[in-house]
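Peer 1: Structure in structure tokens, see below.
The values are calculated or read from the model by the stated rules, or taken from the named source; none is laboratory data. Just so you know, these numbers come straight off a predicted model, no measurement behind them. Cβ coordinates were reconstructed from backbone atoms using ideal geometry, including for glycine residues, and neighbour counts include every protein chain displayed. What goes into the accessible areas is simple: the full protein's heavy atoms, side chains included, and nothing from ligands, DNA or RNA. Shrake-Rupley method; radii C 1.70, N 1.55, O 1.52, S 1.80 Å.
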Amino acid sequence: YVASALNLLTKTLLEQGRQEEAEQLAEASIQIFKEAGVKPDSWTFNDARRNMADILVAQGKWGKALEIYTQIEHDLVTDLPTFEKYFSGNLNWAFAQFHTGNIEAAATISENIYKTKKNQVGEKHYETAEALGFLAATQVVTNDLKAALTNFRKSVPILVSRSRQSHGEQNSQAFRRQ
């Protein structure tokens, strides 16, 4: 239970942009889970690992982050509902793929996130537009310029709007990808 409390504190520090402190707590949390014998397919253990990967993305340590996201996917292969519900919608995972040259994987992840968010919260929600904007960025790299332009035209107005549905929510996610 100490590891779970540390994991919550890690999230708080990460949201405050205190990456170095968050990283230390994430490492401690992961270590405690390991020493306690928590199974690798545990949601709580993978939540702590996801926090670490998100911290690494925020620090531009793309390869290390991707290793963790890949391990989470591997460890949850027998529990796809948990993976889909809690881990597959992480745009930081797509960022790690993108920055390590895995453009096709980044496009697939961002497109899946876009479709899911569109169904869950609507097309004008910040998170939906963010995923679509990132998909457009992958389309630029793959030279699908017509689709990229269309998707940028849909997403950018929402991303820069002050009156969007999720006005206060963007800060907690956006700093991770700076």
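Peer 1: Limited to the range 1-19, what total is found for residues that are among the charged types (D, E, K, R) and either at pLDDT 95 or above or open to solvent by less than 50 Å² (accessible area, probe 1.4 Å) (or both)? Give the derivation first.
Peer 2: Within the range 1-19, the first condition is being among the charged types (D, E, K, R), and the residues that meet it are 11, 15, 18.
Now drop any that are not either at pLDDT 95 or above or open to solvent by less than 50 Å² (accessible area, probe 1.4 Å) (or both), which leaves none.
Number of matching residues: 0.
Peer 1: Just the residues that are in contact with a helix residue (DSSP H, G or I) (Cβ under 7 Å, 6 or more places away or on another chain) and polar (S, T, N, Q), please, taken from the range 52-70. Walk me through it before giving the result.
Peer 2: Filtering the range 52-70 down to residues in contact with a helix residue (DSSP H, G or I) (Cβ under 7 Å, 6 or more places away or on another chain) leaves 52-59, 62, 64-66, 68-69.
Answer for the range 52-70, where residues must be in contact with a helix residue (DSSP H, G or I) (Cβ under 7 Å, 6 or more places away or on another chain) and polar (S, T, N, Q): just Q59.
Peer 1: Mind listing whichever residues of the range 22-56 are closer than 22 Å to F95 by Cα and of a type in the set (D, E)?
Peer 2: Of everything in the range 22-56, those that are closer than 22 Å to F95 by Cα and of a type in the set (D, E) turn out to be E23, E27, D47, D54.
Peer 1: Could you identify the single residue in T108, T128, T70 that is under 16 Å from K154 (Cβ atoms) and of a type in the set (S, T, N, Q)?
Peer 2: One residue alone meets the criteria, T128.
Peer 1: Report, by residue number, each residue of the range 20-43 that is assigned to a loop (DSSP other than H, G, I, E, B), open to solvent by 90 Å² or more (accessible area, probe 1.4 Å) and not charged (D, E, K, R).
Peer 2: Across the range 20-43, there are no qualifying residues.
Peer 1: Please enumerate the residues belonging to the range 130-178 that are modelled with pLDDT of 95 or more, of a type outside the set (A, V, I, L, M, F, W, C), more than 18 Å from K118 (Cα to Cα) and assigned to a helix (DSSP H, G or I).
Peer 2: T138, Q139, K146
Peer 1: Being among the polar types (S, T, N, Q) and open to solvent by 60 Å² or more (accessible area, probe 1.4 Å) is the filter here; which residues of the range 70-101 pass it?
Peer 2: The initial filter retains those residues of the range 70-101 that are among the polar types (S, T, N, Q), namely 70-71, 78, 82, 88, 90, 92, 97, 100.
The answer is T70, Q71, T78.
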